[in-house]
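Notes for the one structure printed next.
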Amino acid sequence: MRTKMRLLGFRGAAVKPLNEEAAAELGAELLGEALVFGVGGLCLYLEYLRQAGQSRRREEHLEQTLSDLRQGLEQLQKDLDELRAQGHAPGGAGHAQGSSGDAQGSSGHAPAQ
């Protein structure tokens, strides 16, 4: 009862001792409320941890995807530079055009007219 009075803001008030039944009922009520608040707080904390972990996993996945895209872009840039270098080399342009022309005419069929 003293704890309840202190929680309500009554500091110096004298409190008569409760009988055993009232004290047990008040203690059970206090214990029940503490248990409910404790379980509620634990649920909130666990949900926070779950959300934080989910957010971290999502961010790691996005970073990995971005890294993969950057690597792919770098590889495509290298391939493009190599193709440009082959196109500017003597005989390189003719070879590239000839290979595409060969691919079209190598099927063995006459072109449709």
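Summary table
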| read-out | value |
| --- | --- |
| Pair residue 20, residue 50: separation of 7 Å Cα→Cβ label points (nm) | 4.5 |
| Net charge of Cβ neighbours under 12 Å - reference residue 40; Lys, Arg +1; Asp, Glu -1 | -2 |
| Separation in nanometres of the label points that stand 7 Å from Cα toward Cβ, at residue 65 and residue 83 | 2.6 |
| Total formal charge among the other residues, if their Cβ is under 14 angstrom from that of residue 23, Lys/Arg +1 and Asp/Glu -1 | -1 |
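Readers should treat all values here as calculations from the given coordinates under stated rules, not as data from a laboratory. Predicted, not measured: the structure shown is a model, and the values here were computed from it. With ideal geometry, Cβ positions are generated from the backbone for all residues, glycine too; neighbour counts draw on all protein chains shown.
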